[in-house]
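The values are calculated or read from the model by the stated rules, or taken from the named source; none is laboratory data. Since the structure is predicted, the reported quantities are computational estimates derived from the model, not experimental observations. Glycine gets a Cβ as well: all are built from the backbone with ideal geometry, and neighbour counts include every protein chain shown. Each accessible area value is taken on the protein alone, full model and side chains, heavy atoms only, with ligands, DNA and RNA left out. Shrake-Rupley method; radii C 1.70, N 1.55, O 1.52, S 1.80 Å.
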Amino acid sequence: MDTKSKNSRKAGILTVIIFLSVCSLIMISQYSSMSAYMDSIEETEEVSYESVLYPIGQDLAEGNYLLYNQYANETDPAEVLDEFGQRSFDLMSRYLDYGVFDSEGNQLLEDVGATVAQRLQAEDETSANYSFRARYTFTENGRLSSIQVDGTALSPEEEYALESTYLAEAQVEEDAETISSIATPSDITVVYGMNERNLSAFSEYYYDAWGEPEIVSLSETSVYTDTLDTLCFVVILAALLLPVRRKLDISGMKIFAVPFEVPVLVWLFVYMTGLNELPSSVIESTFNGALLPGVNDVREVILTAFNFAMWFFVFGLIFWGVTSLRAMIRMKGAYWRERTLTMKLIRHYRGTGTKSDEEMVQKAGGIIKKIKDFFRKQYDALQHIDFREKTNRTILKVVIINYIILAVVCFLWYYGTLALIIYSVILFLFLRKYVKDLQEKYKLLLKSTNQLAEGHLDAPIEGDIGLFNPIQEELKKIQKGFKKAVDEEVKNERMKTELVTNVSHDLRTPLTAIITYTDLLKNEKDEEKRKEYIDVLERKSLRLKVLIEDLFEISKAASKSVAMHYMKVDIVDLIKQVGLENDSKIKDANLEFRWKLPENKLVMWLDSQKTYRILENLIVNITKYAMPHTRVYIEMTERENDVHISMKNISATELNFDTEEITDRFVRGDASRNTEGSGLGLAIAKSFVELQHGTLHISTEADLFKADITLPKLDIPPEGE
């Protein structure tokens, strides 16, 4: 059964294709009759061509400037349109063939076909087949050199009289204010021509009491309308009668099972946009060579194929629409219930919809959702334009969408005004919503800035604020920077408090010992004990001296008032010297130093005393805090732009301090402060490294303590240091 159905459907499809092809070929076969009929239209009343041609001299002179500007574009087109758009030459040009040619006879206007250009430049009026032709020639200086008038409808006397009249009109026009803003033609020839039919039609227009041109259009002729109406009637009849034969019935195909509103809306759109006038325009363009310029066999084949496809589509559209609507005869009342979108929507919203109703609503809803998502996406793109980047793509999308809408409005002809009103209302609602959303987002931005201004540094700055998102990101950076500055200030205050406490402790300890032993010394008679007390006093005094000197040193370093004395220093030799001078401390600490230093000299611009102090402080720090009987690794590496020194040791105590604060003043690894030292060693080392434009970084891993020093290679010592 299915096989028979498919075979009958194939037969029906083939029959319809053949039928539509025959109708298209019949329409094309009438082209010659249409062309002959258009050529045969003549004015029945006698017309005085001489009286019509004399007054147009001024219009032709004005046309020289307009056509030259059309080719050369030396004047702003908007200015030309504003000044000359409604001139009589525009109306008269409908009856004219015209062209602009250079000194070698090349055609310069893009919209002039090769056939027209060839006829305009023909040697005599007979071969040109023009009843009237005028040729204006301009020199390189922009002066009119000659005017030549000829034509099959003119006698030699009339040609001479017209030449004299046109020359006078052209000379007046050259000096007229009306063309002062338009570029002057130069080194070109402008040719105008009217064939007999156009000259006759122009004469009708000229003598018409209303002053409006009466252009004979193909769509108004009986030879066109009668043929088209007959074929359309035959197509409609075929669409209604073919399904009567079951073998030729293809109305059950999905392409014809469309809702009632679809073909009605398609036909309404064709009528409202004037597309029904398009086929006659194509036929006229085929006649005059404007559709495809040139004369050869290939052109004829292409034009025939194009016109065949056009008519096949036109008749096919009629056949499709009638076949789709024909179902109302077969389905009767059920058609309006099952084949109309309106009823399906009504049943859906009433809650009585069938399965097909719901499927239709879902499909329609899916299409509407996609359209909404598209416009929502474009709207969101407008809301989130980042002005720090190029916005050309977003702007281009808006322009293209607006162009498409306006193009559709232009197609609606007389209904365009109503469409523009609707579009303006929609645009107003869109812009109002857009501005309202921007205002809401601006309020959120102001709220965030007010919170920041009031010092709420922990208040979250969140939310999508569209165009202002980049500003929101900058506010977050400012908030983060303020918070960091506040935390730093709090840390500094804490460090100042600890500084006072630690300085007091470290100064009071030796000072208390000095006072105590001084009192003991006053009352002690035993010389041995007196000598012992004096030794203690000396050690405590020296300890106090070291503390005070370190305090002065770190104070000057912090205030950047330390005088730097740069010289060429062999840093390899310098670190070896530090190791030798502290060898006794290293041995007393029971440490094994492993040195990995460059074998060659490494001369750099450094302050030798400050660099020595850096290395000494770090090595002494290792002897104080490293676990006895462990190895210490000191490595120096030369790099392209700097020298890197690494010192690693195993700590004797747990490393539970903050590595970011260990180089601050009076911060030591032993919180109990049982070891001797000012707590300024690493702070002084860091300050001296930074004064020489280097870095000191302390890091720990479990019990491993590591100090990394980087000193840059300076070509010359820094100025002013």
* Does the stretch 133-173 hold any residues that are among the basic types (Lys, Arg) and open to solvent by 50 Å² or more (accessible area, probe 1.4 Å), and which are they? -> Arg135, Arg143
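Of everything in the stretch 693-708, what is of a type in the set (A, V, I, L, M) and out of contact with any helix residue (DSSP H, G or I) (no Cβ under 6 Å at 6 or more places or on another chain)? Give them in sequence order. Spell out the reasoning first.
Kept after step one, since they are of a type in the set (A, V, I, L, M), are these residues of the stretch 693-708: 696, 698, 702, 704, 707.
Once the filter is applied, which keeps residues that are of a type in the set (A, V, I, L, M) and out of contact with any helix residue (DSSP H, G or I) (no Cβ under 6 Å at 6 or more places or on another chain), the stretch 693-708 yields Ile698, Ala702, Leu704.
Which one is farthest from Phe688 (Cα to Cα) among residues in the stretch 613-661 that are among the hydroxyl-bearing types (Ser, Thr, Tyr) and open to solvent by 70 Å² or more (accessible area, probe 1.4 Å)?
Pass one, the stretch 613-661, residues among the hydroxyl-bearing types (Ser, Thr, Tyr): 623, 625, 630, 633, 637, 646, 651, 653, 659.
Imposing the further condition that a residue be open to solvent by 70 Å² or more (accessible area, probe 1.4 Å) reduces the set to 633, 653.
Values: Tyr633: 22, Thr653: 27 Å.
Checked the stretch 613-661; the qualifying residue farthest from Phe688 (Cα to Cα) is Thr653.
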* To do: Quick one: count up the residues across the stretch 244-266 that are assigned to a helix (DSSP H, G or I), of a type outside the set (A, V, I, L, M), farther than 13 Å from Phe319 by Cβ and in contact (Cβ under 8 Å) with a residue 12 or more places away in the chain.
  => 3
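Evaluate the stretch 307-326: report whether one residue or more is polar (S, T, N, Q), in a helix (DSSP H, G or I), over 30 Å from Ser35 (Cα atoms) and out of contact with any Gly (no Cβ under 8 Å at 6 or more places or on another chain). Reasoning before the result, please.
Residues of the stretch 307-326 that are polar (S, T, N, Q), as a first pass: 307, 323-324.
Those still in the list that are in a helix (DSSP H, G or I) too: 307, 323-324.
Subsequent filtering for residues that are over 30 Å from Ser35 (Cα atoms) retains 323-324.
When the remaining residues are screened for being out of contact with any Gly (no Cβ under 8 Å at 6 or more places or on another chain), the result is 323-324.
There is at least one residue in the stretch 307-326 that is polar (S, T, N, Q), in a helix (DSSP H, G or I), over 30 Å from Ser35 (Cα atoms) and out of contact with any Gly (no Cβ under 8 Å at 6 or more places or on another chain).
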* **Condition broken by Gln692, with the remaining ones in (1) at pLDDT below 80; (2) out of contact with any Lys or Arg (no Cβ under 6 Å at 6 or more places or on another chain) satisfied** => (1)
* Structure fact -> Residues in the stretch 323-337 that are surrounded by fewer than 18 Cβ atoms within 10 Å (Cβ to Cβ) and either among the aliphatic types (A, V, I, L, M) or within 47 Å of the chain's Cα centre (by Cα) (or both) total 4
* To do: State all residues of the stretch 89-132 that are in contact with a Leu (Cβ under 7 Å, 6 or more places away or on another chain), surrounded by 20 or more Cβ atoms within 10 Å (Cβ to Cβ) and assigned to a loop (DSSP other than H, G, I, E, B); if no residue qualifies, say none.
  => Ser131
* Can you find even one residue in the stretch 220-235 that is at pLDDT 85 or above, open to solvent by 60 Å² or more (accessible area, probe 1.4 Å), among the acidic types (Asp, Glu) and assigned to a helix (DSSP H, G or I)? -> yes
* Considering only residues of the stretch 293-306 that are open to solvent by less than 60 Å² (accessible area, probe 1.4 Å) and within 17 Å of Arg119 (Cβ to Cβ), which is modelled with the lowest pLDDT? -> Gly294
